[in-house]
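Notes to accompany the following structure.
The values are calculated or read from the model by the stated rules, or taken from the named source; none is laboratory data. This is a predicted model, so every value here is computed, not measured. Cβ placement follows ideal geometry from the backbone for every residue including glycine, while neighbour counts extend to all protein chains displayed.
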Ligand SMILES: C[S@@+](CC[C@H](N)C(=O)[O-])C[C@H]1O[C@@H](n2cnc3c(N)ncnc32)[C@H](O)[C@@H]1O
């Protein structure tokens, strides 16, 4: 397989999470902070909840690095920020920030924000999505090195990561032993959510990521792998709820991962000039952390009412902020 090189403006693949053709970052954001009031096109139109809850193409940058079914769409965050007249001298708190829609959107708009999230994976996604400090060229270069290392490792085992579709899963790795997860990790997965060969290739890539670990890029590269796993490597299927789709005996791993890293690098490049907006993310129980911020400045507190009834959330309910107020 030819080595992975720094891509020359290639577009990331379309995948089932909607990571389709991306608009240029220039279509998305100006290279300077803009006031919320300037975004008058952000008002959600009346329509079906399904439409209202969709991620607009214009909002893909950063938000798309990792989202989950509970995420509400960035344009609704903008709408509420505008309605409450929130500007860069305010601060917004999302006490149940999930994968960070509110705090990412605030950062894009130059508004300081605080997010609190109890779930480790969602917290990790929020943290990474609000860190635009990596050098985009360095990130891509490092990811290409990791990709080449993983590709060589697979080839030495007689495995091609991305064979022609007709040959996927056929004659691959008839001799080598496929890597598996430790039993305790295995039990956390939905049964059949990933086929053995794609899992093996993912574990090889993860191993290479750890061997070539560079703290400047590691967390972004890991989140990119999580995104690629959920969106194209695994057998997961997204309807109104997450389920298992038809099993894929084989699926490319390295190229989809690299495509996500590439998109991240593009987005970071486009955020030049606004990466210093202060955004904090805490992994904590928001009932406890509230006390720490009470003494500071005025907040807009924004979250979905369904968060108050965690465990009772129904996927057909609109995922959008239903509670906003100025506090204290
Ligand atoms: C509906 S999701 C939020 C989605 C978010 N608005 C977004 O767009 O990504 C609710 C989140 O609240 C988190 N959560 C529930 N109880 C919590 C608590 N006591 N403290 C912190 N986070 C909590 C859950 O882990 C979940 O990620």
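Name the single residue that is farthest from the ligand (Cβ to nearest atom) among those in segment 288-304 being modelled with pLDDT of 70 or more and under 18 Å from residue 102 (Cβ atoms).
Only one residue fits best here, namely 300.
When you check residue 147 against the structure, is it closer than 28 Å to residue 250 by Cβ and within 13 Å of the ligand (Cβ to nearest atom), yes or no?
Spelling it out, it is not the case that residue 147 is closer than 28 Å to residue 250 by Cβ and within 13 Å of the ligand (Cβ to nearest atom).
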Conditions first: (1) in contact (Cβ under 8 Å) with a residue 40 or more places away in the chain; (2) closer than 24 Å to residue 230 by Cα. Residue 99 passes all but one, so which condition is the exception? (1)
Pairs with Cβ under 7 Å, 6+ apart, first in segment 267-292 and farther than 24 Å from residue 119 by Cβ, second modelled with pLDDT under 85 and assigned to a loop (DSSP other than H, G, I, E, B): 270/29; 272/31; 273/31; 273/32; 274/33
Selection over segment 62-80 where residues are more than 10 Å from the chain's Cα centre (by Cα) and closer than 17 Å to residue 111 by Cα yields a count of 7
Checking the structure you have, find out if any residue of segment 242-263 is at pLDDT 95 or above, over 22 Å from residue 163 (Cα atoms) and not assigned by TED's automatic domain parsing to the domain that holds residue 110. yes
For segment 43-116, please list each of the helices (runs of 4 or more DSSP H) lying entirely inside it that holds at least 2 residues being within 15 Å of the ligand (Cβ to nearest atom), at pLDDT 90 or above and in contact with a helix residue (DSSP H, G or I) (Cβ under 7 Å, 6 or more places away or on another chain). 60-63, 74-83, 101-109
